[in-house]
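Novice: Submitted below is the structure of interest, expressed as structure tokens.
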Amino acid sequence: MIKKLLSLTLLMSMSQITASAEEWKPVDGHLLTRWAQDVDPKAPWPEYPRPKMVRENWVNLNGLWDYAIVPAEAQLNQILSPLTQGGDGQILVPFCAESALSGVGKRVMRENSLWYHRNFEVPADLKDERMLLHFGAVDWECTVWVNGHEVGNHKGGYDPFNFDITDALEAEDNQIIVRVWDATSDSAQPRGKQLRNPGGIWYTPVTGIWQTVWLEPVPKNSIERLQCVPDIDAETLTLTVHTSADAGSVVWARAMDGDKEVAKVKGIAGQPITLPIENPKLWAPGSPFLYDLEVALDGGDKVSSYFGMRKISMTTDGKGIPRIALNNEIIFQYGPLDQGWWPDGLYTPANEAALLYDLEVTQDIGMNLVRKHVKVELERFYYHCDQMGLLVWQDMPNGTCETDPAGQKQFRIELERMIDAFEHYPSIVMWVPFNEAWGQHDAVEVANWVKQRDPSRLVNETSGWNDEGSGDIIDLHVYTGPAMPELEDYRAAVMGEFGGLGYAVKGHLWSEKRGSENWGYGDGHPSQAHFQHHYEELMHAMRPMIDQGLCAAVYTQTSDVEGEINGFMTYDREVVKLDVERSAAIHACFYDLSKPLPALEGAPAPVVVDANASDEWVPLVETSQTVGQTWRYTNTAPAADWMARAFDDSVWQVGEGMFGSEGTPGVRVGTPWTSSDIYLRRNFELITVPSEVRLRIFHDEDVKVYINGQLVKLLSGYTTGFIDVEMDNAEGLLNAGNNTIAVHCHQSAGGQGVDVGLIKKK
């Protein structure tokens, strides 16, 4: 069925209605992916958009539409004439208004609404049936008119919906108008990581149509939704066919293994039907077998689909530790936090090849999991995960409805729609209602409801923190990590986010001018070799945790996203930062603990920075925020001239930064420090001396910093992260050649830590 479906998508794309594409081009000044050049404005996203329920006849409405951005209070009668005369220009559907690939690239604020218009004809051979107008997703609230008749409205940015437009259709020319309003972060609505003023971990807003729009003829009595629940122990598939037909209507279902009929049964629409699947071929990573499924409604509709026989469940190992099992066998799950953002299309990749690329690299690098983070994807994403054998943890997009009753009600509505729309896909093995504490409310009640609604999957109540003790999972977020939560008797311990190592690849950044605004959890890796080494350090540290009870881990993240540079690929997907072959060999050892990890090679040599290399603030002397740097140190008071460049520190101990105690916020311990005082020295070389230099420092508590014997900064108290500060009396202190940093840190109570580096700007 898979090959049949791919062939069908190509055939159906030839039937779409398109507008003139002579004037379309991506908006200038944006970072683009290689697939942007392949976008055909006459046929963007031609593939059939709903692989779980395929009909042979459909009409793709993607392409160029007229658009206008007007005050939110504008009514149809006010906007109709200018909109149908071309409005503000043309927008390429299905790309949101803010994206480069839309051809618009404009923000749509809360005080505005976005309007769409296009004309279409219904093919003559389709006029005898009911006509559904489908939207894959529209962010966020939309109202739709056909030939001036309001055919429906919808709230929710992530779930597919449709309207029956039959009674509004004309014999020849027809007209669609869509109004969209989106408050984004000015409302409690589910929105994921969109922010009106993006920065850091928050990204450009997405407004409007961002998935395929299509027409689909159906009989009067039609199939609306398929619900498939496999039971590998009983060797059955329970199928519920939801229809528009009267109660008692008869449905037929047939399961196929290639050309071989496996099961054929008759049942009643809306009621569970049992298909026997003897000696089932199981779906799993490495062997993702899929059965074809044909469903027909007596005297009405028929659709093609597929299903996988798999079971995700909880078990215990020989030590009594809770574990996650796939098909009754313990499985360790490892993969990336997959945000699904693109520099040119934002929520929407340029085409299916782009979407597939992320999944292919994830699999090539030896990962078996993706956590789809606070975003719901195009259905074809899950279809390909099904084909490839990638496990999916599906987050519910969060908002800020912690104390907002209306927002909470909408959250529940959209959560249920998400499950209804995507529970068909066997690759989805876990629902995640809440991420950290974003929008969290009634967490136990929500988790229990999800589990009751879909007992065939695991539920991760709250990924990260603010856990309230329900669901199947206890989840820890730790940067950079790794670490694992304390073991429980019944819930599996996972690390839902960790790593996030920052590595900026120049020429492939969202903004080359943002300099230090490009950040990750540890953003100082000067080369691919340093990045790879630190990543392998994390893997070696994590490996023993699997035997201790860690059941899954999620690395942050698949790609860079806007100002974040912590992907294992660049935002434009041009550079894979990790060594694919070597990383795959490491990851294979997580699934088979009998395999020894490849030996951890020595750290790459420090990089000598040429002060003439950049116009931005960049590291001059690296901190140990990401890669441990070597220092001489002592915990006893040294001679009075200990900070001088010529001081002999050869009898001091050698240690790797950071120096501090475990559990101190912001501290990545390279060398434990628990005494009241520590004295540090470090030599470094400069090729040339930059004109402007600052300290990059973490300190808990009081600290003195010396450059070549001169006190340049005294700071009291503590920080919880690195800060950049100007030096005092430092003019003329640095030399071309050898230099020395000396540090004294004093701790009086609580946690402790210290690390120092230099940054420069010309």
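No value in this document is a laboratory result; all are computed from the given coordinates. For clarity, every value in this text was computed on a predicted model and none was experimentally measured. Cβ atoms come from the backbone with ideal geometry, glycine included; neighbour counts cover every protein chain shown.
Novice: Just one of [x] 96, 66, 46; [y] 85, 74, 43; [z] 108, 72, 68 is Cα extents along the principal axes in Å calculated from these coordinates, so which is it?
Specialist: [x]
Novice: With +1 assigned to the C-beta of every Lys and Arg and -1 to the C-beta of every Asp and Glu, and no other charges, what is the dipole magnitude of region 324-588 about the Cα centre in debye, to the nearest 20?
Specialist: 240 debye
Novice: Once you list every other residue whose beta carbon is under 13 Å from the beta carbon of E445, what net charge do they have if Lys and Arg are +1 and Asp and Glu are -1?
Specialist: 0
Novice: Compute the long axis of helix 528-548 from its Cα atoms, compare it with the longest principal axis of the Cα atoms of the chain, and write down the angle in degrees, 0 to 90, nearest 10.
Specialist: Between the helix axis and the principal axis of the chain, the angle is about 80 degrees.
Novice: In deg cm²/dmol, rounded to 500, what helix-only [θ] at 222 nm does the chain give when every DSSP H run of at least 4 residues adds -39500 (n - 2.57) and the total is split over its residues?
Specialist: -4500 deg cm²/dmol
Novice: Next question, about the same structure. As I understand it, the dipole of the chain uses +1 on the Cβ of Lys and Arg and -1 on the Cβ of Asp and Glu, about the Cα centre. Which of A137, T626, P322 lies farthest toward its positive end?
Specialist: Projecting each Cα onto the dipole axis, the largest value belongs to T626.
Novice: Of all DSSP beta bridges in region 528-686, what percent run antiparallel (nearest 5)?
Specialist: 75 percent
Novice: A follow-up question, please. Please list, ordered by chain and number, the residues whose modelled amide H lies under 5 Å from the amide H of V151; skip anything fewer than 5 residues away on the same chain.
Specialist: HN-HN under 5 Å from V151: V144, W145, V146.
Novice: With 21 Å as the limit, write out which pairs from K506/K713; K281/K595; K260/K281; K106/K193; K155/K409; K260/K302 have Cα-Cα distances beyond it, or answer none.
Specialist: K506/K713; K281/K595
Novice: A follow-up question, please. Using the beta-carbon distance between K42 and Y357 and R0 = 25 Å, what value does 1/(1 + (r/R0)^6) give for FRET efficiency, to the nearest 0.05?
Specialist: That pair, K42 with Y357, gives E of 0.60.
Novice: Another one. Angle between the Cα long axis of helix 2-13 and the longest principal axis of the chain, 0 to 90 degrees, nearest 10?
Specialist: With rounding to tens, the tilt is 70 degrees.
Novice: Continuing with this model, one more query. Can you tell me the relative contact order of region 324-588? Whole percent, Cα pairs under 8 Å, sequence separation 6 or more.
Specialist: Over region 324-588, the number comes to 19 percent.
Novice: In degrees between 0 and 90, to the nearest 10, how far off the longest principal axis of the chain does helix 443-453 point, with axes built from Cα atoms?
Specialist: Approximately 40 degrees, to the nearest ten.
Novice: How would region 147-265 be classified by its alpha-carbon gyration tensor: rounded, prolate or oblate, with rounded meaning a/c under 1.5 and the a/b versus b/c comparison settling the rest?
Specialist: Note, shape of region 147-265 comes out oblate.
Novice: Then there's this: What is the spin-label model distance, in nm, from A247 to Q452 if the labels are put 7 Å beyond Cα along the C-beta direction?
Specialist: 2.2 nm
Novice: Hey, can you grab everything whose amide H is under 5 Å from the amide H of L61? Only 5+ residues off in sequence or another chain; H modelled, so Pro and N-termini drop out.
Specialist: Correct list: V213, W214, L215.
Novice: If you don't mind, there's one more thing I want to ask. Where nothing but the Cβ of Lys and Arg (+1) and of Asp and Glu (-1) is charged, how large is the charge dipole of region 41-155 around its Cα centre, in debye to the nearest 20?
Specialist: I would put it at about 240 debye.
Novice: Here is a further query. Sequence gap at least 6, Cα distance under 8 Å: using those rules, report the relative contact order of the chain to the nearest whole percent.
Specialist: 9 percent
Novice: Can you tell which of A124, T33, M396 lies farthest toward the positive end of the dipole of the chain, using +1 and -1 charges on the Cβ of basic and acidic side chains (Lys, Arg; Asp, Glu)?
Specialist: Farthest along the dipole direction, towards plus: T33.
Novice: Let me ask something else. So what's the net charge close to N351: Lys and Arg +1, Asp and Glu -1, counting the other residues with Cβ under 10 Å from its Cβ?
Specialist: Residues close to N351 contribute a combined charge of -4.
Novice: Under the 0.36 nm per residue contour assumption, what length would be gained going from the current alpha-carbon distance of D128 and V654 to full extension?
Specialist: 181.1 nm
Novice: If amide hydrogens are placed 1.01 Å from N in the peptide plane, which non-local residues have theirs closer than 5 Å to the one on E461?
Specialist: D472, I473
Novice: Quick check: Cα centre of region 671-694 to Cα centre of region 285-314, how many Å?
Specialist: Their Cα centres are 61 Å away from one another.
Novice: Which of the GluC sites (Glu not before Pro) found in region 13-114 are in a DSSP loop and have at most 13 neighbouring Cβ atoms, other than their own, within 10 Å?
Specialist: Within region 13-114, the qualifying GluC sites (Glu not before Pro) (loop, at most 13 other Cβ atoms within 10 Å) are E22, E23, E56, E73, E111.
Novice: Also: Please arrange Y357, Y291 by how many other C-beta atoms lie within 10 Å of their C-beta, fewest to most.
Specialist: Y357, Y291
Novice: Rounded to the nearest 0.05, what FRET efficiency do K595 and N57 give with R0 = 45 Å and r taken as the Cβ-Cβ distance? Could you check?
Specialist: Using R0 = 45 Å, I get an efficiency of 0.30.
Novice: Further, regarding this structure: Run the dipole for the chain about the Cα centre, Lys and Arg Cβ at +1, Asp and Glu Cβ at -1, nothing else charged, and hand back the magnitude in debye, nearest 20.
Specialist: 540 debye
Novice: Residue by residue through region 557-566, which ³J(HN,Hα) values in whole Hz follow from phi under the Karplus form 6.51 cos²θ - 1.76 cosθ + 1.60 (θ = phi - 60°), with glycine and proline marked x?
Specialist: So the J values, rounded to whole Hz, are 6, 4, 9, 4, 9, 6, x, 7, 10, 10.
Novice: Among I474, S313, M569, whose Cα lies farthest out toward the positive end of the dipole of the chain, if unit charges sit on the beta carbon of Lys, Arg (+1) and Asp, Glu (-1)?
Specialist: So the residue we want is M569.
Novice: How much net charge surrounds W115 when only other residues with a Cβ under 12 Å from its Cβ are counted (Lys, Arg +1; Asp, Glu -1)?
Specialist: Result for the neighbourhood of W115: 0.
Novice: Restricting to the chain, what percent of DSSP beta bridges are antiparallel, rounded to 5?
Specialist: 80 percent
Novice: Let me check against my output: what whole-number percent is the relative contact order of region 76-206, with C-alpha pairs under 8 Å and at least 6 apart?
Specialist: 24 percent
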